[in-house]
Amino acid sequence: MISLFGRPEKAIVKTNHLVKLPYPKFTVHGKNRSYLKFGIDKQEECLKAGMKPNESGVGVDSEDAYAKVSFIDNNGNDKVETIVTPLGDYGKVMITFTMQSSMKR
């Protein structure tokens, strides 16, 4: 059970990074709504290509990798919206992880 917008909902959550054919890497299905996300975080790919973490374009998804949300609105209309992928920040994650690890010692 997860909470969506403060309401408890039952949902199915799937992820798979080992898929050869184009297939959503993340899916979430609930009553009257679905979320599909194609592609994985681009930060690692950019860093391996030699880009610097603070360089423009690092971690930016192409439009075909944006998430799609399909839902039925309050008027019963079927809607599909695109969600632009927010930028991640591996640096912040690593700093937080390092700080938490050192505090446990």
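Some points to look at:
- Yes/no for residue 60 being in contact with a Lys or Arg (Cβ under 9 Å, 6 or more places away or on another chain), assigned to a loop (DSSP other than H, G, I, E, B) and under 27 Å from residue 23 (Cβ atoms): yes
- Those residues of segment 1-53 which are among the polar types (S, T, N, Q), surrounded by 15 or more Cβ atoms within 10 Å (Cβ to Cβ) and either assigned to a loop (DSSP other than H, G, I, E, B) or modelled with pLDDT of 85 or more (or both), in sequence order: 34
- Single residue of segment 54-66 satisfying the filter (exposed (fewer than 10 other Cβ atoms within 10 Å of the Cβ) and within 15 Å of residue 37 (Cβ to Cβ)) that is modelled with the highest pLDDT: 63
The values are calculated or read from the model by the stated rules, or taken from the named source; none is laboratory data. All figures in this text were calculated on a predicted structure; none of them were measured in a lab. Positions of Cβ are generated from backbone atoms using ideal geometry, with glycine treated the same way; all protein chains shown enter the neighbour counts.
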